[in-house]
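All remarks here apply to the structure that follows.
Derivation of every value follows stated rules applied to the coordinates shown; laboratory data play no part. Here the structure is a predicted model, which means the values were calculated and not measured. With ideal geometry, Cβ positions are generated from the backbone for all residues, glycine too; neighbour counts draw on all protein chains shown.
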Amino acid sequence: MDKAFIKGLRLLETLAVSEQPRGVSDLAAELAMTKSNIHRLLQTLQAQGYVRQVPPHSTYELTTKIWELGSHVIRRMDLITLARPAMQRLAEQTGETVHLSVLEDIDVIYLDKIESAHYIRAHTSVGARAPAFTVATGKAMLAHMPDDYLERFRPHLRRYTDTTRITIEDLHEDILQARAQGYSMVLQGEWRDGIAACACAVLGRSGELVGAIGMSGPDSRIKRKQLKLIAPQVMEAAQAISAALGYLPRS
């Protein structure tokens with residue numbers, strides 16, 4: 001167990017419940033640490049943006065960074081709860097695996113899933129990551145990001161399967177298509193072999209990107225024609241979740 005890390009957490013917790021900025025001496029007394037130890041921890045937390053120094057008495061208080069992190073967790077919990085009915089409906093309509101994802105830098109994170117009843121199905125794990133440029137939910141979300149966002153993928157583009165898009169130009173082509181259609185498709189697995197998928201972005205109250213809902217299954221069962229028939233159902237599910245989050249599309 002990392003004792004320094006635990007001390008830092010205790011310091012964060014103490015500052016979080018303090019009603020006013022705190023000085024090094026009284027923090028050291030309350031936490032039974034040396035003043036030099038408290039000062040070193042505060043300097044580290046300040047450098048990472050969690051703490052700020054309050055003039056003129058050299059006291060310290062938390063910034064809003066902890067709140068920002070917590071709000072992400074709460075927002076994801078709300079998203080999972082609100083998305084469940086639409087996910088269940090889509091799973092019943094398609095008979096395939098349905099998943100809910102969010103974009104985190106260059107990856108998607110799978111927040112929730114409903115497994116297909118088929119013996120042969122697409123396999124994903126809640127909490128797992130996948131390269132956003134290789135999966136349908138990732139491309140659906142990237143379609144709502146500015147074009148220059150794609151540049152962050154340049155050092156990470158690599159081939160996972162024979163059909164992986166490995167240039168910014170190819171990826172941009174996929175994004176343009178997703179914008180035009182309102183949904184993204186992967187006809188053959190670009191992250192894992194043999195997976196076909198369709199996805200649509202989920203938007204928040206102000207039209208901001210929140211996540212994406214997607215359907216996936218084996219490409220031996222799901223061909224381009226089936227994906228095009230399923231796409232309106234995926235879009236309907238995304239619209240239902242967005243509406244539950246308070247999004248009202250412009251007329």
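Values as computed for the structure displayed
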{"item": "Set of lysines near Lys3 by C-alpha distance (under 24 Å), chain-local residues within fewer than 8 positions excluded", "result": "Lys35, Lys65"}
{"item": "Nearest 10 degrees, 0 to 90: helix 65-94 Cα axis against the chain principal axis", "result": "20 degrees"}
{"item": "P(r) histogram, all alpha-carbon pairs of the stretch 113-201 included - 5 Å bins from 0, percent", "result": "3, 15, 25, 25, 18, 9, 3, 1, 0"}
{"item": "Degrees separating the helix 35-47 axis from the principal Cα axis of the chain, which is the longest one", "result": "30 degrees"}
{"item": "Exposure proxy ranking, count of Cβ atoms within 10 Å, fewest first, for Val24, Val54, Val202", "result": "Val54, Val24, Val202"}
{"item": "Theoretical ellipticity at 222 nm over the chain - DSSP helices of four or more residues, -39500 (n - 2.57) apiece, nearest 500", "result": "-14000 deg cm²/dmol"}
{"item": "Highest-fluctuation residue, Ser220, Ser58, Ser116 considered, GNM on the chain with Cα pairs under 10 Å", "result": "Ser58"}
{"item": "At R0 = 41 Å, FRET efficiency that the Cβ-Cβ distance of Ala243 and Gln46 yields, to 0.05", "result": "0.45"}
{"item": "Order of Phe5, Phe133 - criterion: other Cβ atoms within 10 Å of each residue's Cβ, fewest first", "result": "Phe5, Phe133"}
{"item": "Whole-percent pair-distance distribution, where bins are 5 Å wide, for the alpha carbons of the stretch 3-63", "result": "4, 20, 36, 30, 9, 1, 0"}
{"item": "Hits among lysines - C-alpha to C-alpha of Lys223 under 29 Å, sequence gap 8 or more where chains match", "result": "Lys113, Lys139"}
{"item": "Spin-label model distance (nm) - Glu151 vs Arg224, 7 Å beyond Cα toward Cβ", "result": "3.4 nm"}
{"item": "Dimensionless Rg over Rh [the chain; C-alpha; Kirkwood]", "result": "1.11"}
{"item": "Phi to ³J(HN,Hα) by Karplus 6.51 cos²θ - 1.76 cosθ + 1.60 over the stretch 153-167, Hz, x for Gly, Pro", "result": "7, 3, x, 10, 5, 8, 8, 9, 9, 5, 9, 4, 7, 10, 10"}
{"item": "Crossing angle, helix 224-244 versus the chain [Cα axis fit, 0-90 degrees, rounded to tens]", "result": "40 degrees"}
{"item": "Segment Leu12-Leu187, length gained on full extension (0.36 nm per residue, minus Cα span)", "result": "58.2 nm"}
{"item": "Aspartates and glutamates whose Cα lies under 15 Å from that of Lys228, excluding same-chain neighbours fewer than 8 positions away", "result": "Glu96, Asp219, Glu236"}
{"item": "Efficiency of FRET from Cβ geometry, Lys65 and Ser36, R₀ 25 Å, rounded to 0.05", "result": "0.55"}
{"item": "Neighbourhood charge, 10 Å Cβ-Cβ cut-off, centred on Gly189 and excluding it, Lys, Arg +1 and Asp, Glu -1", "result": "-3"}
